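Below: one structure, written as C-alpha cells.
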Amino acid sequence: MQDSTQQAVIGSGWSWVHPWRILLRLPFLLLHLFIGLPLLYLTINRFGRSINVGSRTLDEFMQSWWTNSLCLIFGIRRKIIGTLGPGPLFVVANHVSFLDIVLLGSITQMSFVSKAEIANWPLVGTIARMGDTVFHHRGSGNSLQAVIDAISTKILEGKRVAVFPEGRIYCGDKVHRFHARLFQVAIEENINVQPICIRYLQKGKLNPRICLCDRNERFFWNAIRLLGEAGSIAELRVQAIITPTGKSRRELAESAHFAVAEAYPDREDHNED
C-alpha cells in the first residue's frame, strides 16, 4: 500500500508545478549555466587554489557561490545542522535527488563517487566532472577496484570523498540499506566516516516530489518540473564521526546507515525556521 501511494504522489508531481515559476527561474538557470559555469571552470585549477578570498581559496569560494546559487534557482534553501570534521573524510549520505551532489558540494570541496551514467547527464554530468568525480561502472569488478584505488589516492592527498552507499536514488520514503564494499577504503586508510542525512521539506513535511523515481520521467523533465516546484528546505544533518577502528566494512556501513536513518524520520514537530 505504501509503495502504490508513494508512486501516486510521484506520478502526480506535475500537478504541483506552476508554469510561471518555470518562466521566472529558467532565464536565471540559463545565465548561471552559460556565464557562471565557465567562470567556475576558470577557477578550479592551480590558479584558483593560489588566491585567497577571505579564509577560503578562490576555487572554494567560487564553488560555494555556484552551488548555492543553483540551489536558490531551484527554490531550495539549505539548512545545515552540525559541522564536518577536519581533514580528509569519507562522507556518506542517503540519495534523494540529483540536487544532493550540489548540496554536498556547497558545504565544502569534496570529490564524489557516482555511477558512470551520470557523466553523460546534462548539467549534473558537467558539474560532476568538474568536481573531480570518480565514476563507477556498476557490476564491473575491475571498475570497483579502480574506484577503491582512486578514493584511496584522494584521501591520501588530504581530500574529502563523498559516496551514496544506497547505490541509487530512492524516493525518500526511508533510508535504504548501505552497500558495504566502498567502506573498505575507510578501514584500509584508517579514515573517519562522517554520515550526512539529506531531507527535502515543505512546511516541515518530507517532499517526495523532489526526486526522480518515476521510471517514465527522464532527468531533463525532472529538472524542468523542479523549476516549477514550490520552494523547499534542504536539511543536511551532519552526524557524529564514526571511526573505523575495530570494525569490519559491514559493521561500518551499518553504523553509518543507523546514523543517517536515525535523523531521517518525518517528525511532526519539525520547524523550518
Quick check: net charge around VAL193, other residues with Cβ under 12 Å of its Cβ, Lys/Arg +1 and Asp/Glu -1?
0
Mind checking which lysines have their Cα closer than 22 Å to the Cα of LYS205? Skip sequence neighbours fewer than 8 apart in that chain.
LYS79, LYS174
In sequence order, calculated HN-Hα J values of segment 173-190 (Karplus, 6.51, -1.76, 1.60; Hz; x Gly/Pro)
6, 6, 8, 8, 3, 8, 6, 9, 4, 6, 5, 4, 4, 4, 6, 5, 9, 6
Which of the pairs LYS159/LYS203; LYS115/LYS159; LYS115/LYS247 have their Cα atoms more than 30 Å apart in this structure?
LYS159/LYS203
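No value in this document is a laboratory result; all are computed from the given coordinates. Because the structure is predicted, anything quoted here is derived from the model rather than measured. We place every Cβ from the backbone using ideal geometry, glycine too, and count neighbours over all the protein chains shown.
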